[in-house]
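Since the structure comes first, as structure tokens, the remarks are kept for the end.
Throughout, read-outs are computed from the coordinates displayed, never taken from laboratory work. Values in this document were obtained by computation on a predicted structure and should not be read as measured data. Ideal geometry is used to build each Cβ from the backbone, glycine not excepted, and the neighbour counts take in all protein chains shown.
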Amino acid sequence: MTKLLFLIFLFVLVSCQSPVEYQPVNEYVYFNSFESPQDTTGWWGYAGMALYDDAAPGGGSKSLHVSGGCIYPHAVYDLGPMPGEITLSVEAWGKALQHAGGVAIVKDFMDSENYQSIGFTVDQPEWTFYKSDEVLVVEKGENLSIHINAGGFVPAAILVDLLTIREIK
């Protein structure tokens, strides 16, 4: 009898499991609101990068300040090789403090034959929401990185907040 009760209990337990959770259409591949020094871990580049006490609407209290000149890239975060084919878009809030800059996701940055990128220019002096007009298809094994640049021949500075890379299904 104990075995029968155990089997009934096991059957009820297994059949009452919650269904597979629905996966949203636009999943985050990367998100950063740049609120603490830990949020800049892994970022590298040839420019001034720092947390700044100014944030986009809904963006906490800080953002990432990037200022640069002629030597690129200014701020980069390597996401590494993708585990499978993925279609991506990039969005963020941005604010131009001095001239303009840009945010991009880049496929195979160091490979001149396969290099591709999408992104947008941050050129407004007030907090503005920006989103790429295009998508980037990254194949299995291709490297992906995020680039934030500000300036060129003329130095520039921008703020970036609520940086989001989304998978488009």
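Which whole-Hz couplings ³J(HN,Hα) result when phi for each residue of the range 30-47 is put into the Karplus expression 6.51 cos²θ - 1.76 cosθ + 1.60, θ = phi - 60°, listed in order with x for Gly and Pro?
Using θ = phi - 60°, the values come out as 8, 8, 8, 9, 6, 9, 9, x, 4, 6, 9, 4, x, 7, 9, x, 10, 8 Hz.
On full extension of the chain, what length is gained from Gln124 through Cys70, given 0.36 nm per residue of separation minus the C-alpha to C-alpha distance?
Roughly 17.3 nm would be gained on extension.
Please list 3J(HN,Hα) in residue order for the range 91-102, calculated via the Karplus relation 6.51 cos²θ - 1.76 cosθ + 1.60 where θ = phi - 60°; whole Hz, with x for glycine and proline.
Calculated HN-Hα couplings, in order: 8, 5, 8, x, 8, 8, 8, 8, 6, 9, x, x Hz.
Along the range 71-80, what does the Karplus equation 6.51 cos²θ - 1.76 cosθ + 1.60 (θ = phi - 60°) give for ³J(HN,Hα), rounded to whole Hz, x for Gly and Pro?
8, 9, x, 7, 9, 9, 10, 8, 8, x
Based on other C-beta atoms within 10 Å, arrange Phe34, Phe129 from fewest to most. Kindly include the intermediate steps, with their values, before the conclusion.
Numbers: Phe34 25, Phe129 12.
Going from least to most buried by this count: Phe129, Phe34.
Label point 7 Å out from Asp111 along Cα-to-Cβ: which residues of the range 72-86 have amide N under 17 Å?
Answer for the range 72-86: 78-86.
Given labels modelled 7 Å from the Cα in the Cβ direction, how far is it in nm from Asp133 to Ala50?
Taking the simple label geometry, Asp133 and Ala50 are separated by 3.5 nm.
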